[in-house]
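The values are calculated or read from the model by the stated rules, or taken from the named source; none is laboratory data. Computed from a predicted model, the values in this text were never measured in an experiment. Cβ placement follows ideal geometry from the backbone for every residue including glycine, while neighbour counts extend to all protein chains displayed.
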Amino acid sequence: MSDKILIIGACGQIGSELTLGLRETYGSANVIASDIREGMPELMDSGPFEFIDATNKNQIEDAIRKHNIKIVYLMAAMLSGAAEINPEKAWNLNMTSLFHVLNLGKDNIVEKIFWPSSIAVFGNSTPKTNTEQQTITEPSTVYGISKLSGERWCDYYKTNFNVDIRSVRYPGIISWKTMPGGGTTDYAVEIYHKAILEQEYECFLSGNSRLPMMFMDDAIKATIDLMQTDNRNHYIAYNIGAIDFTPSEIASVIKKHIPTFKISYAPDFRQKIADSWPHSIDDSQARKDWGWRHTYDIEKMTLKMLSKLKEKYSQTKL
Ligand code: SER
């Protein structure tokens, strides 16, 4: 029988599809989803669910005891744009939840933990192109500060208390099942919805803002593969790369499929966040240590995004 898994923040953009991926891999009964709110029907109907506030240690512990949980994925977080508006709330959510889970590892209540880091750990002083695994990390955003501090705390718990904690630095994640919320890379999801619904999109970043991105299926594969590897990874949070593009490049790819599509630009406060992040990521360490490979390029991703969203919107109209 496989070890029981708890996903905290299971109804968010990554949590939703991670829950489905884990249920497919380990069996629905072994994968308990949790969040402060209900998620999409596919998630709620496919296995067990608990209401958990990620900042409430008692709620987490109760679920762990009730289901005999051995593995935790902590996916609850406030993303970069929202965190600039609510700095203290973001720090509280992102760090308190992490401490709760790390302490469960330290007390040997859970055996293995996944916690996502981000390209936001990098900042203005980081080399922008093919940003290396180990380089300057001086984040200038609230979100980035919480992710870098989180990485350091994970390393501390791993070194001093032998906690098996694993992490990747996700780039912008593009998906069609659940909308992201509060992120700077979210434009690359919104653009597909608007392309289908309105054939036009006003982007909150400038046309030449290059950022590292990844299709959701690859992100889920990376997460599950890293958790399955026997290699007791020596980096706390691995760089994982896939594709990189600018808003004007992604618009040109969409135009090949929807020739009437038009993009305009009205950069807002998120431009400064995007400007502080890398353009592309060197992920050779992840490729070497646990065989990371991405499978979606921008063309393949666009085809899938457009066809899945068309299908989804035609069903809602019925
Ligand atoms: N997608 C995230 C954000 O934009 C980056 O990790 O906040």
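Within the stretch 69-85, residues that are more than 23 Å from Ser2 (Cβ to Cβ) sit with their Cβ atoms under 7 Å from residues that are within 9 Å of the ligand (Cβ to nearest atom) and of a type in the set (Gly, Ala, Ser), at 6+ positions apart or across chains, in these pairs: Met78/Gly182; Leu79/Gly182; Leu79/Gly183; Ser80/Ala120; Ser80/Gly183; Gly81/Gly182; Gly81/Gly183; Ala82/Gly182.
The residues listed here are Lys147, Lys128, Lys106; of these, the one that is at pLDDT 95 or above, basic (Lys, Arg) and within 13 Å of the ligand (Cβ to nearest atom) is Lys147. Of the strands (runs of 3 or more DSSP E) contained entirely in the stretch 221-296, those carrying at least 2 residues that are more than 15 Å from the ligand (Cβ to nearest atom) fall at 262-265.
Pull up the stretch 168-214, narrow it to residues that are surrounded by fewer than 23 Cβ atoms within 10 Å (Cβ to Cβ) and polar (S, T, N, Q), then point me to the one that is nearest to Ser284 (Cα to Cα). Across the stretch 168-214, the extreme among qualifying residues is Asn208. Filtering Gly47, Gly39 for residues that are in contact (Cβ under 8 Å) with a residue 60 or more places away in the chain and in contact with a strand residue (DSSP E or B) (Cβ under 9 Å, 6 or more places away or on another chain) leaves a single hit, Gly39. Trp153 fulfils the conditions (1) within 19 Å of Lys112 (Cα to Cα); (2) more than 12 Å from the ligand (Cβ to nearest atom); (3) not in a helix (DSSP H, G or I) except for a single criterion, (3).
Within the stretch 269-288, the residues that satisfy the criterion of being over 17 Å from the mean Cα position of the chain (by Cα), surrounded by 16 or more Cβ atoms within 10 Å (Cβ to Cβ) and within 18 Å of Ala242 (Cα to Cα) are His279, Asp282, Gln285, Arg287. Of all residue pairs spaced 6 or more apart or on separate chains, those with beta-carbon atoms under 8 Å, a first member in the stretch 176-205 that is at positive phi and a second member that is among the hydroxyl-bearing types (Ser, Thr, Tyr) and within 12 Å of the ligand (Cβ to nearest atom) are Gly182/Ser80.
Quick check on the stretch 124-150: of everything there that is aliphatic (A, V, I, L, M) and outside any loop (DSSP other than H, G, I, E, B), which residue is nearest to Met227 (Cα to Cα)?
Start the filter on the stretch 124-150 by keeping residues that are aliphatic (A, V, I, L, M), which leaves 136, 142, 145, 148.
Next, from what is left, pick out any that are outside any loop (DSSP other than H, G, I, E, B): 142, 145, 148.
On the way: Val142: 27, Ile145: 25, Leu148: 20 Å.
Looking at the filtered set, the residue picked out is Leu148.
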